[in-house]
């Protein structure tokens, strides 16, 4: 893969297609030397600015002009969108192997998702404890600039059902993450629990599983889950959780 191909692939993973089209049009207008303030100001995060800078530098080195760069960016964005809209499902299990069906292990699915994350990781579970591999992977992701959001069942002192405040414990182990709490006091959902176990990466990949983030759930229990790549489900899960946050059913702590 050439430097330009590599830089293009990295950059289109960081932004939504609509934003990429705006940037591509700006690059075409800049024509000869598209690395201008007008183009660079279209991205906000340091990670995206760095990736855009590498793309524009590689474009200039290749000898191609802004029109060619614009077309390249639009084509790469279109390919990414088409790929994401093709939904793929995969089974993941914990427990004994049956020797009848080949499945992936629950923890490995989560680790792979965390490692491939570019922008955002969202984790929801009833409990989370004693998973050093997951903590290590999340720390690596945070160091790369990936945003991490975690929602767990709360302790009794905070309106939940757990004796131990596992959110506080995990917060000490993973201070880079943003933690959230279920808030249904005074509503018809009072007494309900955070019983969902889901993971979403970049709005493109979702894992819906029976497994909590614990040693038994990852290694010993009979647990089943489905990994969803592409399609509407990953995006819908993110939108739903975001809607609950906006409605006040989930609080950031």
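Throughout, read-outs are computed from the coordinates displayed, never taken from laboratory work. Just so it is clear, the structure is predicted and the values come from calculations on it, not from any experiment. Using ideal geometry, Cβ is built from the backbone for each residue, glycine included, and neighbour counts are taken over all protein chains shown.
Using C-alpha pairs under 8 Å with a sequence gap of at least 6, the mean separation divided by the residue count of the chain gives a relative contact order of 20 percent. Cα centroids of the range 56-77 and the range 1-55: 9 Å apart.
Taking the three principal axes of the alpha carbon atoms in the range 3-84, the coordinate ranges are 32, 24, 21 Å, sorted in descending order.
Here the Kirkwood formula, the inverse mean of 1/r across different C-alpha pairs, assigns the range 159-253 a hydrodynamic radius of 15.1 Å. Label separation (residue 44 vs residue 164): 3.8 nm, computed from points 7 Å beyond Cα along the C-beta direction.
Taking Cα atoms only, the orientation of helix 233-246 departs from the longest principal axis of the chain by about 70 degrees.
The length gained on full extension between residue 244 and residue 83, counted as 0.36 nm times the residue separation minus their Cα-Cα distance, comes to 55.1 nm. Rounded to the nearest 10 degrees, the inclination of helix 66-84 to the longest alpha-carbon principal axis of the chain is 30 degrees. With both labels modelled 7 Å from their Cα along Cα-to-Cβ, the residue 135 to residue 101 distance reads 3.4 nm.
Computed on the range 135-216, with alpha-carbon pairs under 8 angstrom and 6+ residues apart, the relative contact order is 24 percent.
Go ahead and run the numbers for FRET between residue 226 and residue 116, Cβ-Cβ distance against an R0 of 25 Å, rounding to 0.05. Between residue 226 and residue 116 the formula returns 0.90. Counting only DSSP beta bridges with both residues in the chain, the antiparallel share comes to about 60 percent.
Ellipsoid fit via the Cα gyration tensor, the range 172-226: semi-axes of 23, 17, 14 Å, each the root of five times an eigenvalue, largest first.
Helix 3-12 and the long axis of the chain differ in direction by around 50°, with both axes built from C-alpha atoms. With both labels modelled 7 Å from their Cα along Cα-to-Cβ, the residue 188 to residue 251 distance reads 2.3 nm.
Across the range 3-84, C-alpha contacts under 8 Å between residues 6 or more apart give a mean separation that, scaled by the residue count, equals a relative contact order of 47 percent. Using the C-alpha gyration tensor of the chain, what are the square roots of 5 times its eigenvalues, in whole angstrom, with the largest one first? Sorted largest first and rounded, they come to 38, 21, 16 Å.
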